[in-house]
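Below is one structure; the comments refer to it alone.
Where a number appears in this text, it was derived from the coordinates with a stated rule and is not lab data. Source: prediction; values computed, not measured. Don't worry about glycine lacking a Cβ; one is built from the backbone with ideal geometry, like all the others, and counts go over all protein chains shown.
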Amino acid sequence: MGQWDRFLAPYKQAVDEMKIKFKGMRREFETVNTNSPIEFVTGRVKPLASIYDKTLEKGIVFEPSEELAHELQDIAGIRMMCQFVGDIETVVGLLRKRKDLRIVEEKDYISHEKQSGYRSYHVIVEYPVQTIGGQQWILAEIQIRTLAMNFWASIEHSLNYKYKGDFPTEIKERLQRAAEAAFQLDEEMSQIRDEIQEAQQYFTEFKDTPSSHFKTGGQEGRNKR
């Protein structure tokens, strides 16, 4: 195993473990028949090419080191997606109560969005990984955002690679307008949150009812005749 593989192994373990735990939080809400503030969870370890770009940006030597581990807080990354803006505060509150990680820093890019229009809530945590060499604390970044925010951020991230951060004026303006439109969408959906969740709950209960499947099947059978 190479030096980078050894260096990144605990980060991969941290991402895998946190994904399992946070998905478990979502299942807990479903078990008690309560709307979950977590829509879904994803995670990744930063690719070497991205780590290299970051070291250039920060003026750090591109090699595994304690300095690199300290300066790059997002080598391990988790994203938690929510349906509504209000769910983000709930998820942050849940993270603050956890005993299996330590919150180092919080960055609110929702109330204070970036100039580009980027919105998300970032929580930097220290997470303990058990290795054959003993316990190791890993820095990780947890991004909490709505589905609309995530859609915009994914598009902006792709364009950023294409233009290397130097967006043409028209593209930059369109991205800013799109970011505002995405936020307005979140605001509108929040206004009818109760109706949306009631409808989702009804749909879930209906599709899980055996009689509903029987009726659907019967109708399909009649349509085929």
Can you tell me the Rg and Dmax of region 1-76, counting just the alpha carbons, in angstroms? 16.3, 50
For the chain, what is the mean residue ellipticity at 222 nm derived from helices alone (per DSSP H run of n ≥ 4: -39500 (n - 2.57); sum divided by total residues; nearest 500 deg cm²/dmol)? -19000 deg cm²/dmol
In degrees between 0 and 90, to the nearest 10, how far off the longest principal axis of the chain does helix 3-31 point, with axes built from Cα atoms? 30
Taking R0 as 25 Å, what FRET efficiency do you get between Trp137 and His157 from their Cβ-Cβ distance, rounded to the nearest 0.05? 0.35
Cα axis of helix 48-58 to longest principal axis of the chain: angle in degrees, 0 to 90, nearest 10? 60
Pairwise centroid distance, computed over Cα atoms, of region 171-197 with region 22-68, Å: 24
Arrange Arg193, Arg6 by Cβ neighbour counts within 10 Å, fewest through most, would you? Arg6, Arg193
Helix 169-191 sits at what angle to the longest principal axis of the chain, using alpha carbons and giving 0 to 90 degrees rounded to 10? 50
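Please tell me which of these pairs span more than 31 angstrom C-alpha to C-alpha: Lys12/Lys162; Lys97/Lys162; Lys23/Lys164; Lys21/Lys54; Lys19/Lys54; Lys23/Lys162? Let's see the in-between values first.
Working: Lys12/Lys162 27 Å; Lys97/Lys162 40 Å; Lys23/Lys164 34 Å; Lys21/Lys54 29 Å; Lys19/Lys54 24 Å; Lys23/Lys162 33 Å.
Checking Cα-Cα distances, Lys97/Lys162; Lys23/Lys164; Lys23/Lys162 exceed 31 Å.
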